[in-house]
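Have a look at the structure below, then the notes.
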Ligand code: NI
């Protein structure tokens, strides 16, 4: 230590003798808090197991013999204004769905995510901030995905196995940020966010639905939630059975690859 630096310490010591104790205490405290907070630590989150999660919950045995399969998916929530009402409808109808949620909203509304999981729905990721990942650098995309993963780990204890990139948009690098999660898009675009009425949603549904289809809707719009009873009734009438996306993958015996985006799991 140079004489000048030592002189500086001596004068500090003379003016604020309590600093000698306070400074090391603060440094030690900060170190302890950082060590004890694993959720915000991206290293820990990246190491969270991708496979050991309850993506396919236990359900009473159902017969899928001769049935067509469909997965309803809801994006951009959870919203306290609309998602609980949707959960009520799904519960009454005994229909499982898959929720592609934003980490930023999961953080604020973890109780809704937890309720959805408890009621047999699948929780999947729609990233943290709904950015277009095709326009981000690999490291910015990784940062967003890590932040979302941390939010899911905090709310439900695991990183979801499925992810839907916002706008279905990725590039040659940014998909790698998902760390092995399966990318899911959709085969039925109800355009519920654009034409906010049941009739338009039903027309798009009926025109695009096929066996193994994945239906895209948004649980943040009241008009979308309003349409759900009609959507369910129509699909039942057409001979469809409802499954989560992970159940659909399992039933169709597809071994998914992390570099591919899946829109449908045909028979
Ligand atoms: Ni979205």
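What follows draws every value from the coordinates through simple rules; no lab data is involved. Note that this is a predicted model, so its numbers are computed, not measured. All Cβ positions, glycine included, derive from the backbone under ideal geometry; neighbour counts span all protein chains shown.
What the table shows:
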{"quantity": "Test: residue in the range 104-112 that is in a strand (DSSP E or B) and touching a residue at least 12 places away in the same chain (Cβ under 8 Å)", "calculated": "no"}
{"quantity": "Leading residue by the ranking (surrounded by the fewest Cβ atoms within 10 Å (Cβ to Cβ)) among those in the range 124-150 that are closer than 16 Å to residue 99 by Cα and without any contact (Cβ under 8 Å) to a residue 40 or more places away in the chain", "calculated": "129"}
{"quantity": "Candidate set from the range 177-211 (those that are farther than 25 Å from residue 113 by Cα and in contact (Cβ under 8 Å) with a residue 40 or more places away in the chain); member that is surrounded by the most Cβ atoms within 10 Å (Cβ to Cβ)", "calculated": "209"}
{"quantity": "Matching residues in the range 166-216 - criterion: being on the phi > 0 side of the Ramachandran plot and within 14 Å of the ligand (Cβ to nearest atom)", "calculated": "167, 168, 191"}
{"quantity": "Selected residue [surrounded by fewer than 22 Cβ atoms within 10 Å (Cβ to Cβ) and either within 12 Å of the ligand (Cβ to nearest atom) or under 22 Å from residue 84 (Cα atoms) (or both)] from 163, 153", "calculated": "153"}
